[in-house]
Amino acid sequence: MAYIGATPTAVPLTGADIEDSAISTAKIQDNAISVAKLASTLDLSSNTVTLPSGVGGKVLQVVQHSTTTLYQTSSSSFVAASGMEVSITPSSTSNKILILINMNFEEGVAGSGASATIYRNNTTNLEANGFVYHAQRSGASYQFSSQEPMQYLDSPNTTSATTYTVYFSRDGSGTASVNWNNTRGVLTAMEISA
């Protein structure tokens, strides 16, 4: 560029010289912004972590609930362990929800057992999609008690609040229990971006 008179002294460009709206998305080079630079929020009071949307294949939010409440049933059909549940609101209908469960099963009759599954919004039994847990007692002298981890990847196809509840039943006779002997059941729901 030609100048009349002396050439101006070069001055380094700083962030203060650029207006906030001066650079469009199209002007940002691919891979110029890492996930670590994206804003996130952490709410310790509700055990929730929320990351920005649009980050494919990433965990967008995590919600967790735990309880030591004892649930028991003599039913051979699935019944709700009401309170043994976690609620999450997906940000997109295409995102998935990963459910992680760790809880204690107990059955006090030899040859009997306990089963558990997860219901979405107390209406959809995810057992139909292959998620169910069975535990069988083999000994005659003692109740079996087993801390079991379970997981299921759900596609709820909604942006409404979605609740996942443990349902359980006895297999055979006797009484099946969840969170036996003051153990703690923990449910975690993670929203995974599409």
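Some notes on this structure:
- Restricting segment 23-44 to residues that are at pLDDT below 75 and of a type in the set (Gly, Ala, Ser) leaves a set whose member that is farthest from the chain's Cα centre (by Cα) is Ala32.
- Residue ID - modelled with the lowest pLDDT, chosen from residues in segment 163-194 that are of a type in the set (Val, Ile, Thr) and crowded, with 20+ Cβ neighbours inside 10 Å: Val178
- Residues satisfying the stated conditions in segment 158-182, i.e. within 21 Å of Ser112 (Cα to Cα) and among the polar types (S, T, N, Q): Ser169, Ser173, Thr175, Ser177, Asn179, Asn181
- Residue in segment 141-149 that is among the charged types (D, E, K, R), modelled with pLDDT under 85 and part of a loop (DSSP other than H, G, I, E, B) present: no
The values are calculated or read from the model by the stated rules, or taken from the named source; none is laboratory data. Just so it is clear, the structure is predicted and the values come from calculations on it, not from any experiment. Backbone-built Cβ (ideal geometry, glycine too); neighbour counts: all protein chains shown.
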